[in-house]
Amino acid sequence: MKNHEKWLHVAAVLAAAYATTACASPEAKQTQAPAHRSVDAPGEVIGRTCAGCHALSKKNYKGFVPVIAGMDKEKIVQKMRAFKAGTAKDVTIMDRIAKGYSDAEIDAVAAYYAKMKH
Amino acid sequence: MTTNISRRDFIRGAGAGFALGPLLFGVSRARAGGGDVVVIGGGFGGATAAKYIRLIDPSIQVTLIEPAKTYVTCPGSNWVLGGLRKIDQITMTYDGLERHGVKVVHDMVTHVDPDKRSVKLKSGGTLSYDRLVVSPGIDFKWGKGYTAAVSHEIPHAWKAGAQTTLLRKQLEAMPDGGTFIIVPPNNPFRCPPGPAERISMVAHYFKKHKPKSKIIALDPKGKFSKQGLFIEGWKKLYGYGTDASMIDYHQNVEIEEIDPKTKTVVTGVDEYKADVLNFIPDQKAGAIAHATGLTGDGDWCPIDGRTFESTLIKGIHVIGDASIAKPLPKSGYAANSEAKVCAAAIAALLQDRPVPEPSWVNTCYSLVAPDYGISVAMVYEIDHATGKISKVQGAGGLSPADAPPKFRRNEALYAQSWWMTITADTWG
Ligand SMILES: Cc1cc2nc3c(=O)[nH]c(=O)nc-3n(C[C@H](O)[C@H](O)[C@H](O)COP(=O)(O)OP(=O)(O)OC[C@H]3O[C@@H](n4cnc5c(N)ncnc54)[C@H](O)[C@@H]3O)c2cc1C
């Protein structure tokens, strides 16, 4: 409780950010940033939907789905294009999902994940 | 900083049973940015919304009200019935949300006053909000001999926790050669593939431990989600369609009533006696949604898909199972995805900025056996011609029929990975 209250206070003072680089990482609260921030940076809204399956951190992750946070942007773009075109090997679900996005959206999401630390 | 101090004092007051809402209200309105959001319900929808509002704009104060200290996930609860998991392995705590600066209050909202923008707690406190998020999940339509009291003997197990444990114990106690009967609900209901996954998991358990036992499904509906994929799996694994089939699935069954004493299901044409009976009632939005007037004349809450704000009451956003978000299904993945759209919308609205263009995904994995998974996925967008949520043309769909064993194994691994990731994304 005590810690939590302290944190509420500290958080307000720092107005800590969920920076474009650190989506859901708990470290976000230590980053200094403006009091409030843009809620519509490109790629964010779509990018958040991936986090149901793709963990945002490799730390303690024991699953089998690739962690795309911090992955090279071009690599993500190439993969997504191959999924979308139906040319990727060993795919189970991303071919179905990739067809839901335009090339520009794929670019924006790739940039969003490439910048993310984990 | 006054906002914070008053909020902290206020929360203490709420705990002690004081109604300091109006005081907080006055102070919190004098803000630049920030604002107060109250979230009702710490399930998939509410927990995700609370966390992501804090992540998107840490100047917003978020208070989440949830009566239970822990949350047992419905996803994975069928795996408990199949003996693949223990209940504590699918039990979440709220510590993670507190680390994001969400104030978690273990209490129950008993009343919402949309005009004063405040909620009343069971313990006596009052909380004011600029925006309210309502994610209370489902309640049941009791009837046909099935009541809340009967559910303590004959579990629905459609809210995970004690109900799941009860059903598992009954399956364990059932002698080999017994009959398990499941009665799935009418549409719309939470987790469309859930009943068939449950049948699969019970079949897996029986095959291993009670191979002479039978499963009878008495479904009022004519079809079910992923039907083709489930039946393919049942044929491969549980003799479906042969004389030796473990599973007997009846469709378009007219359920007249159940006799709880004899565990008998009376249908339009026959009577079926169970050793273990799992009755899953028809469903509606959680009680607080009805009491607040968020359901109008119906069972569920109409919303504007761009923000999830109620179309009936301003300032209140309804997400998750309780909302009408068709064609998004009533699933944990969808509730999580809706919560993120709602969080971004609320942050924008509190900053007087345009709401960002939404986007949603749903992926529902089901296990037919521990190494045999199937899935359905979809990407959703706003159709600007109608303003409604719609499926992105050409995207999504079922995993293929007749896929090789490796494909099914991978989907089973991804199903379990999904559980780890979505729970961390929601409560972590
Ligand atoms: C057997 C089964 C298997 C499932 N499997 C999957 C799956 O594999 N994948 C998937 O995506 N989905 C699955 N689901 C569906 C998923 O569990 C639900 O869609 C999801 O829980 C919906 O989230 P919600 O926030 O709307 O409601 P819930 O998660 O039910 O949360 C509602 C919360 O609100 C609280 N609450 C209610 N009223 C009040 C009040 N007045 N004040 C304060 N708090 C209140 C409740 O205590 C509860 O904790 C499954 C469901 C079942 C039954």
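The values are calculated or read from the model by the stated rules, or taken from the named source; none is laboratory data. No experiment lies behind these values; they were computed from the predicted model shown. With ideal geometry, Cβ positions are generated from the backbone for all residues, glycine too; neighbour counts draw on all protein chains shown. The accessibility values were calculated without ligands, DNA or RNA, using every heavy atom of the protein model including side chains. Shrake-Rupley method; radii C 1.70, N 1.55, O 1.52, S 1.80 Å.
Using Cα pairs closer than 8 Å and at least 6 residues apart in sequence, work out the relative contact order for region B:232-343, in percent.
For region B:232-343, the relative contact order is 13 percent.
When only Cα pairs under 8 Å and 6 or more residues apart are kept, what is the percent relative contact order across chain B?
Relative contact order comes out at 17 percent.
Hey, any idea what Rg/Rh is for the protein assembly as shown, computing Rh the Kirkwood way over Cα pairs?
Rounded to two decimals, Rg over Rh is 0.97.
Decide, for chain B, between rounded, prolate and oblate: order the square roots of the alpha carbon gyration tensor eigenvalues as a ≥ b ≥ c, take rounded if a/c falls under 1.5, and otherwise choose prolate if a/b is larger than b/c, else oblate.
In terms of gyration-tensor shape, prolate.
Within 10 Å, count the other beta carbons around each residue, average over each peptide in B:235-246, A:98-109, and list them highest first.
A:98-109, B:235-246
Each residue of region B:287-302 in order: what ³J(HN,Hα) in whole Hz does its phi give by Karplus 6.51 cos²θ - 1.76 cosθ + 1.60, θ = phi - 60°, with x for Gly and Pro?
So the Karplus estimates, Gly and Pro as x, are 3, 5, 5, 5, 4, 7, x, 7, 9, x, 8, x, 8, 10, 9, x Hz.
Compute the Rg to Rh ratio over region B:139-292 from the alpha carbon atoms, using the Kirkwood formula for Rh, and round to two decimal places.
0.95
How well do other chains shield peptide B:52-65, expressed as the mean number of their Cβ atoms within 10 Å of each residue Cβ?
Mean partner-chain Cβ count within 10 Å for B:52-65: 5.
Take each of the peptides B:282-288, A:54-60, average the number of other beta-carbon atoms within 10 Å over its residues, and list them starting from the highest.
Put in order of decreasing packing, that is B:282-288, A:54-60.
In percent, what relative contact order does region B:69-193 have, based on Cα pairs under 8 Å that are 6 or more apart in sequence?
20
So, with a 1.4 angstrom probe, what is the percent of accessible area on region B:134-200 that is carbon and sulfur?
That fraction is 57 percent.
Please compute the average number of Cβ atoms from other chains found within 10 Å of each residue's Cβ in peptide B:417-423.
Across the residues of B:417-423, the mean count of other-chain Cβ atoms within 10 Å is 6.
Within 14 Å, Cβ to Cβ, of residue B:160, how many net charges do the neighbouring residues add up to if Lys/Arg are +1 and Asp/Glu are -1?
It works out to a net charge of +3.
I'd like the mean, over residues of B:367-377, of how many other protein chain beta carbons sit within 10 Å of each residue's own Cβ.
For peptide B:367-377, the averaged partner shielding equals 1.
Over 27 Å between Cα atoms: which of A:75/A:117; B:141/B:330; A:62/B:236; B:223/B:273 fall into that group?
A:62/B:236, as the Cα separations exceed 27 Å there.
Rounded, prolate or oblate, given the Cα gyration tensor of region A:60-110, with a/c below 1.5 counting as rounded?
It comes out oblate by the Cα gyration axes.
I need the shape label for region B:326-428. Rule: rounded when a/c is under 1.5, else prolate if a/b > b/c, else oblate, with a, b, c from the alpha carbon gyration tensor.
It comes out oblate by the Cα gyration axes.
Taking the Cβ of residue B:346 as the centre, find all other residues whose Cβ is under 10 Å away and add up their charges (Lys, Arg: +1; Asp, Glu: -1).
Residues close to residue B:346 contribute a combined charge of -2.
Please report how far the C-alpha centroid of region B:62-91 lies from that of region B:100-123, rounded to the nearest whole angstrom.
23
If I build a Gaussian network model for chain B, linking alpha-carbon pairs within less than 10 angstrom, which residue out of B:168, B:117, B:85 has the largest mean-square fluctuation?
Of B:168, B:117, B:85, the most mobile in the Gaussian network model is B:85.
Kindly report the accessible area of the protein assembly as shown per residue (heavy atoms of protein chains, probe 1.4 Å, no ligands, DNA or RNA), in Å².
40
I'd like the orientation of helix B:332-350 relative to chain B: the angle between its Cα long axis and the longest Cα principal axis, in ° from 0 to 90, rounded to 10.
Here the helix axis deviates by roughly 10 degrees.
With a 1.4 Å probe and all protein chains left in place, how much of the accessible area of region B:240-375 comes from carbon and sulfur atoms, in whole percent?
Carbon and sulfur atoms account for 46 percent of the accessible area of region B:240-375.
Net charge within 15 Å of residue B:384 by Cβ-Cβ distance, Lys/Arg positive one each and Asp/Glu negative one each, not counting residue B:384 itself?
For residues surrounding residue B:384, the net value is -1.
Order of B:123-134, B:312-323, B:220-231 by packing, highest average Cβ count within 10 Å first?
Going by the mean number of other Cβ atoms within 10 Å, highest first, we get B:312-323, B:123-134, B:220-231.
Over the residues of region B:253-314, compute the C-alpha Rg and express it relative to 2.2 N^0.38 Å.
Cα-based Rg divided by the globular estimate yields 1.72.
Looking at the protein assembly as shown only, what percent of DSSP beta bridges run antiparallel? Nearest 5 please.
55
Starting from the Cα of residue B:122, draw a straight line to each of the lysines and keep only those under 18 Å, dropping any in the same chain fewer than 8 residues away.
By straight Cα distance, residue B:122 reaches B:69, B:103.
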